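A short worksheet on the structure shown next.
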Amino acid sequence: RATLAWTDPPAEPMAAAALVNDLDLVVVRWAGPGGPGPAVRHGNHLLADAHCVDGDCNVPDALNPHEQVHFESPAAGVYVLYVSGRAVVYDADSDGAPDPQAYALAVSGSNITGLPDSECPPGCPLACSGRGACNPQPAVA
């Protein structure tokens, strides 16, 4: 289980949407060479609410300031977590540029280990940051 949460700034009065800064959580299970395709889960994939598209809830959630991905019986392997700012627009200091959005990411389960700083995840489709993380989030469907 992976959970992303952030404190969203207040929306403008009469705004069409209450969420101001929209972050997205995506978890990808890399299946390895010759294995099945990767398992991709978007945050809140189990939540049946207005973020679902044509009954499919495994899509990015643009409504909530907290997202969770849950694998009921996860297969052993490498899981890569991506946090991206789909829309980070709040400008508290009025300098004309959006302010960084702080967030918390928690991962729970059994047999969880981190990667060494020098190791890029094997499923990383783009360049590695050198901190065991991919740059930037790839397009996933």
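Structural remarks
- Candidate set from segment 98-113 (those that are over 19 Å from Trp6 (Cα atoms) and either among the hydroxyl-bearing types (Ser, Thr, Tyr) or not in a loop (DSSP other than H, G, I, E, B) (or both)); member that is least open to solvent (accessible area, probe 1.4 Å): Ser110
- Candidates in segment 82-97 are the residues that are in contact (Cβ under 8 Å) with a residue 60 or more places away in the chain and open to solvent by 60 Å² or more (accessible area, probe 1.4 Å); of these, the one that is nearest to the chain's Cα centre (by Cα) is Arg86.
- For segment 66-81, the tally of residues that are outside any loop (DSSP other than H, G, I, E, B), over 12 Å from Arg29 (Cα atoms) and open to solvent by 30 Å² or more (accessible area, probe 1.4 Å) stands at 2.
- Matching entry among Ser94, Ser108, Ser118, Ser73 (being out of contact with any Pro (no Cβ under 7 Å at 6 or more places or on another chain), among the hydroxyl-bearing types (Ser, Thr, Tyr) and at pLDDT below 55): Ser118
- For segment 38-49, the condition holds for at least one residue, the condition being that it is modelled with pLDDT under 90, under 19 Å from Ala87 (Cα atoms) and in a strand (DSSP E or B).
The values are calculated or read from the model by the stated rules, or taken from the named source; none is laboratory data. In this text the structure is predicted, and so the values were computed from the model without any measurement. Note that each Cβ is placed from the backbone with ideal geometry, even for glycine, and that neighbours are counted across all protein chains shown. With ligands, DNA and RNA removed, areas are computed over all heavy atoms of the protein, side chains included. Shrake-Rupley method; radii C 1.70, N 1.55, O 1.52, S 1.80 Å.
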